[in-house]
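One structure below.
FYI, it's all coordinate maths here, none of it is from the lab. Here the structure is a predicted model, which means the values were calculated and not measured. Every residue, glycine among them, receives a Cβ derived from its backbone with ideal geometry; neighbour counts consider all protein chains shown.
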Amino acid sequence: MSMDQNKIPQATAKRLPLYYRFLNNLNHQGKRRVSSKELSEAVKVDSATIRRDFSYFGALGKKGYGYNVEYLLGFFRKTLDQDEVTDVALIGVGNLGTAFLNYNFLKNNNIRIQMGFDADPAKVGTAISDVPIYHIDQLEEKMKGIEVAILTIPAEEADTVTEKLVSLGITGILNFTPARITVPDHIRVHHIDLAVELQALVYFLKHYPLKKGPVEE
């Protein structure tokens, strides 16, 4: 099925990995069909939103019949390019960076941290969960062919490292530093400030209590 990915709303696109992960788990359990209600309860997105999300991809299921798990899984695998592994570099092997290296992205995903970089001589030359750690000065030498980087470095180093990554052809950055880095228009940056997210969570808990049941994100 051909489709224009640009016509899919970004909110829908962000939910696709959630659907894929749940469907993958169901498939491993040997389950053949799943209803939109079951999906809704699992991924905490209301049934109407799930049906609307799926409608962008054509007729994926029949009313009263549910969805075929194997078919959906294969469809979303192709949509998300799950058959193609994306190599990622991790910059900054501190506590957070080490946690990422110890996390098995490949369990339900198509992402692999191929290498890590740090300036600490005690870490350079070692490996964490089979991921080699190189010195930050080796970026240019080692980063060939890698287009995505995770930044888990001190905020004051973010701009300098980002400039270097941009010069090396990086097209996507997942930024875990508080710094709001500036990049050219052709590079996508997702900022994740854990302190801000936690503050926002507490604020919403106090001022916007959730209703019972799944809600649309």
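Taking a quarter of the surface of the Cα convex hull of region 5-78 gives a mean projected area of 4.5 nm². Pairs exceeding 26 Å between alpha-carbon atoms, taken from K7/K142; K7/K78; K7/K144: K7/K142; K7/K144.
Here the Debye sum runs over all C-alpha atoms of the chain as equal scatterers in vacuum, and log10 of I(q)/I(0) at q = 0.14 Å⁻¹ comes out as -1.02.
Based on the Cβ-Cβ distance from K7 to R33, what FRET efficiency comes out when R0 is 35 Å, to the nearest 0.05? Show your work: numbers first, answer last.
Working: r = 28 Å, r/R0 = 0.80.
The calculated FRET efficiency here is 0.80.
Built from the Cα atoms of region 155-209, the convex hull projects on average onto 4.4 nm², one quarter of its surface area. Rounded to the nearest 10 degrees, the angle from helix 194-207 to the longest Cα principal axis of the chain is 40 degrees.
Put a dot 7 Å past the Cα of Q138, heading toward its Cβ, do the same for Y71, and the two dots end up 4.9 nm apart. Sorting the segments 91-97, 155-161, 136-142, 199-205 by their mean number of nearby beta carbons within 10 angstrom, highest to lowest, gives 91-97, 155-161, 136-142, 199-205.
Entry note, the chain: the mean residue ellipticity at 222 nm calculated from DSSP H runs of n ≥ 4, each adding -39500 (n - 2.57), is -11500 deg cm²/dmol after division by the residues and rounding to the nearest 500.
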